[in-house]
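Notes follow the structure.
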């Protein structure tokens, strides 16, 4: 758990933040309240997220209590948070720090709100989970159904407009860009959303629709509309999407190379 | 009007909310303030929307007065609100309640703000209408020009990134997904936006541009770019969109089947 | 600078606002606080933007100080603000005023926040610049990296979902619509984002990826995915984009004609 | 009622405010929101008071609804509000306007909150009445029990520290200064607080304790402690208070002459 | 501690509140957030006080953390809170409930903030203690130095204007009314404020100055200025105060009989 | 002025605050925002006061602008602020720092708001001055008419309930305690309030009424009611006040010895 003595991710965030607070005094107040005042990552993150979701009708104090309880009862969240942060640092060419995504990336914030909502959903508190989904959609323009299952090491880059449906499953080490939809087909209940394997890269604006399988290490080109299964380690693109090649890397999510060529 | 003794939609919302308030005490405060304290749907909705649009420069009290006046002077809004709620329950496979969209779906909230703005626009209060359009765009990432004419029974699903231009017309029982544009072509004033028939389904990310006609019961595939008229009961897809088939249902908006096949 | 005696843009905004404040008393309070109380455009804009970015952890007072300092130290911002306003009035068929975009268009607001962030970035205050980028993304759903270089006379129409990467360069008199991405390819640092010439029109949902060149006067069709250089005065469209014609005008950004035909 | 066509008090407030809004543009926004946007005195006052009592847990919108209902159901409040305003203008040497006390005098604000709480108390809504008493005490440092009966034409000058108990009765045209207590003696329930006649002046810091009678036209000197009945048209002073003279005027409340002499 | 299974004070508050929430739905939202959502008295009180002290520069979330830690580390606070509530119910003739003072009495709120500040002061966190003193003074118009030692079963009735200095000591079961000062004499540091025994009643506006002793069961008349020791079970009154009699009860604080007679 | 290179008062506040921010990290955020982020005393104080007076209808940003302008145009305010701070440190036995009164003493805050209001009043902006008086009264329970003339080196200790009328004049190096009134007699306009000399000490609860003169170095006992001139270097006490002795010091305000004896 996060309160164990040695947490290298939290130590780095804290250290990076201390430097920024000294170099940029105008942010010192914000950085103290959000990070430096806290003893561990979970405390800082629950404070930060609760502040972002604060509203006249549900206070940040109450929101924070719920987040803290979710962190405590769904113990895998702690590891996922850290994997997600390290994933961003590894893959985002504009970011080689941990404090920046922690403080600023709304894809990261939305993802952690989802982890809280998913935890609530799993323990039968569906009303509360839907409340968090709604706040996520309003504040971050990211709409992930609380029932959706997401792995760890996920990067939701830029994130605006992302939609992920209730029966979607996303593996580990996946990168998803803005305006992507993992959507359903039809109004019937049941298993109706995509299953995305490990290491997959889904580029900006891609729409993946229906209970189809995107194999491990696949790459979905920007603006594609995917209506059929995609084999592992395959690049698809177009409207509707067709196979156009093979990703240069085993885990295209880690390389973030959005290019593809079509003949 | 909503204050008549029997309003089954409001009765259901109230009853569903009472159950949730008992099962989930952490939300009881929010649910009382937003729904249980009110005597009719219009009172609750004006309170809820005003809270969402509150800002330091224009208070929620003033916003609520304007919304209440619009509900009173444009009497068709009441029926549309109820049709919109029933449409979501009917079509959204993740939702078989009325309280959930009322409380949480930003597509529903944006649509009702549009109905208010459209009412203001129609009575010559253009400045106020533009103010509401702006708040809608900022809070919900939905940008519908106040002059646009929308029917009833509309579902704006997920809604982020939706843009609808000033001379667009949308029929009844239409379903529109996230990132859709009903846009113009050219900087000239005049009738320059799409006309969408009844029962149409417009899938995620579709861009429909110009004063073209989308016939009743048509389906526009995800990610399509539509630049020409679409005949009734036809499925189009692609960039630019071409006819690819016929919807399985008379009103594809009700079925929400986003699949299409292209040869 | 804005405080010189004659500023026709500010004079028009002020005069238009006075009329609205008289015709629509419900907005008078908001209009006084935002525009009529101020002596020049920069004072009003810094007030307006600071209000929009206000949060419990960083107060509007502090934000306004930073914005005011940026306006003072990066003296070209003043001209760009005015060019941007005039560009919207010229090109947006739904708007022939200056007060409306000043008050309400979130594309305009996001762009000016970017100009502030870019100024901070250029003077070595990267942490502060990233803070502003994050606020822009959260409040306006527009994500422009502070290092990106944008010209003047820019219209970001509707704006939701726009993403512009760190090494992107955008010329003067460009029009960009909602859900557009000027993105990178790959996780390596270095020059990796598009270079967009003058007068270019980029339609809704287009994704332009990699260090490629979009020539002066080019037009990128809605929903296109552009992976290669586009010659000047050329229209491209499709996924992936191909040349489909020649814009009717020298500067398609000014005409806003999104139509294209593909054979 | 206030909505009748001719309300000279409201007309004066509105006219005075219009002049101030023009002379002092920095206040124009506040004055529009608080007065100029409204059609009658009750609308403006309910807006103003609700804003002052706003809190994270009970919104100004809800507070205003309650105030508006009280104004409507206890119809004598309207006359009392106007008498109170005219009384201040008549008696306060630093004020010959109506807009100033309406906008700024917390004694006036506390008194009108009491009138609302008293109305609620009288209709059996004791919990709500106590809520308003508490807000009054917190915001204005004035603590009047909702059951206390106050006449009209009351001036609560400066007002900080005023306490009036549950069974106190105060006549018409009374002036009460800061730090005054109309208190009880003993913990038993029952009629235990002072009865103050018409036209009485109670100077700063006076404590009047127990179910005693302060006759019409009496004057209570500053800092006095009154434990026994005071005959009409008599001046008392001292700790404990003794008769020291006769007021120069029939209604010392109107003259506001706090001087007294003791031999 | 408060989390033990049986806490009759909390059970009564909770039960009384449930009844009010049903009878007065307009308060249900407030009552849920403040009391019904919580599992024990300390959780509810820390939430309630943090809300009252919330400000743009120090968030309610942070305030609540500090209050919660003080409740946990200074374990006698729990008993004092309950004694204080029971004291009010016993002595205040206008109140025979526990929920009313818990929710509304600012004397009770100020006293509990003092208990927190005193706990912080005792553990060497003087800066934080002074911060709380300031918030207390601003929000409740009650100014108690964090070093002052107050017993339990204290009623601060009405409370506006109360001042208690750093070296003051107040026993158990004491009642103090509004505008009372327990002040020092002189600018020298050292023991310079009053020592008040058990069961003492200090009436409204009394000023007790210097390191003097007010004996057990004494009564200080309203408006008195006390500059010398007061023997136990003695009534003093006047400016300066002199002995005027003997209280009818052993603990005048419990009887709240403010009457006294002077010959 | 404060922006000159050497300002020992500001240097001390800054240095003291830095120490506190390190010792008490929970306050670091507040201290950075309020003091450490600023370059001079006036910048910090205008920020701090504007935050305290913030309200939904008049934003802290606007308030700060007005305060800053007053500091700039009434250049004597800068010296008075510093004298007031040094006076508190010199006289208040519970305070030997400058940061504590700057941050926390509402008497100090109210006094500086008065200096701003007095400056506005003197330049003909009476409406704005009254607005500030009202905010002062509401937030700090201190009511000083903007026309009142106060010297420098003033300590308003504890401050709750203080009232000072329009034609009052207060000299330099005066100490005034809580619940004091410098009031008028009668409703006529004209010079009607007390004139207080230099070095005077006015103890808690004293009421000084009418256009009378309190000579240099006089002392007014707690709870006194003063209706006649007080000679210099004289102690008065009682209701009504009589001469009871001679202060031990030339300037009793500096010694803060509230004791007096009456025979």
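The values are calculated or read from the model by the stated rules, or taken from the named source; none is laboratory data. This one's a predicted model, so the numbers in the text were calculated from it and none came from an experiment. Cβ: placed from backbone, ideal geometry, glycine included. Neighbour counts: every protein chain shown.
Points to keep in mind about this one:
- Taking the conditions (1) at pLDDT 90 or above; (2) more than 18 Å from the chain's Cα centre (by Cα); (3) farther than 27 Å from residue B:164 by Cα in turn, residue C:20 satisfies each one other than (3).
- Any hit, the range B:1-16, residues being modelled with pLDDT of 95 or more and either within 14 Å of chain E (Cβ to nearest Cβ) or under 18 Å from residue E:27 (Cα atoms) (or both): yes
- Odd one out for residue B:233 among (1) over 19 Å from residue C:179 (Cβ atoms); (2) modelled with pLDDT under 95: (2)
- Criterion: away from every other protein chain (no Cβ under 13 Å) and touching a residue at least 60 places away in the same chain (Cβ under 8 Å) - qualifying residue of D:92, D:83: D:83
- Taken together, F:134, F:198 contain a single residue that is more than 20 Å from residue F:101 (Cβ to Cβ), in contact with a helix residue (DSSP H, G or I) (Cβ under 9 Å, 6 or more places away or on another chain) and outside the structural domain of residue F:51 (by TED's automatic domain parsing), which is F:198.
- Residue in the range B:10-26 that is farther than 23 Å from residue A:126 by Cα, in the same structural domain as residue B:88 (by TED's automatic domain parsing), touching a residue at least 40 places away in the same chain (Cβ under 8 Å) and buried (at least 23 other Cβ atoms within 10 Å of the Cβ) present: no
- Checking residue C:220 against (1) touching a residue at least 24 places away in the same chain (Cβ under 8 Å); (2) closer than 15 Å to residue C:198 by Cα, the condition it does not meet: (1)
- Residues in the range F:197-213 that are in a loop (DSSP other than H, G, I, E, B), surrounded by 24 or more Cβ atoms within 10 Å (Cβ to Cβ) and within 7 Å of chain D (Cβ to nearest Cβ): F:205 alone.
- Annotation: of all residues in the range A:167-186 being assigned to a loop (DSSP other than H, G, I, E, B) and closer than 24 Å to residue B:247 by Cβ, the one that is modelled with the lowest pLDDT is A:186.
- Residue that is farthest from the other protein chains (Cβ to nearest Cβ), among those in the range C:220-246 that are closer than 18 Å to residue C:164 by Cβ and in a strand (DSSP E or B): C:230
- Count of residues meeting criterion [modelled with pLDDT of 95 or more and within 14 Å of chain E (Cβ to nearest Cβ)] in the range B:54-76: 0
- Here residue F:123 clears all of (1) under 28 Å from residue E:185 (Cα atoms); (2) over 10 Å from the mean Cα position of the chain (by Cα); (3) more than 7 Å from every other protein chain (Cβ to nearest Cβ) except the condition numbered (1).
- Verdict on residue F:30 being out of contact with any strand residue (DSSP E or B) (no Cβ under 7 Å at 6 or more places or on another chain), more than 14 Å from chain A (Cβ to nearest Cβ) and at negative phi: no
- Within this structure, residue C:120 passes the test of being crowded, with 24+ Cβ neighbours inside 10 Å and either modelled with pLDDT of 95 or more or out of contact with any helix residue (DSSP H, G or I) (no Cβ under 6 Å at 6 or more places or on another chain) (or both).
- Residue among A:117, A:127 that is closer than 21 Å to residue A:51 by Cβ and assigned to a helix (DSSP H, G or I): A:117
- Filtering the range B:166-196 to residues that are surrounded by fewer than 24 Cβ atoms within 10 Å (Cβ to Cβ) and within 14 Å of chain C (Cβ to nearest Cβ) leaves B:166, B:167, B:185, B:186, B:187, B:188, B:189, B:190, B:191, B:192.
- Sole residue being closer than 19 Å to residue D:29 by Cα, surrounded by fewer than 20 Cβ atoms within 10 Å (Cβ to Cβ) and modelled with pLDDT under 95, chosen from F:96, F:51, F:39: F:51
- Considering the conditions (1) buried (at least 24 other Cβ atoms within 10 Å of the Cβ); (2) without any contact (Cβ under 8 Å) to a residue 60 or more places away in the chain; (3) under 14 Å from residue D:114 (Cβ atoms); (4) under 12 Å from the mean Cα position of the chain (by Cα), residue D:141 is excluded by exactly one of them, (4).
- The set of residues in the range B:152-166 being over 24 Å from residue B:75 (Cβ atoms), without any contact (Cβ under 8 Å) to a residue 60 or more places away in the chain and not in a strand (DSSP E or B) consists of B:158, B:159, B:160, B:161, B:162, B:165.
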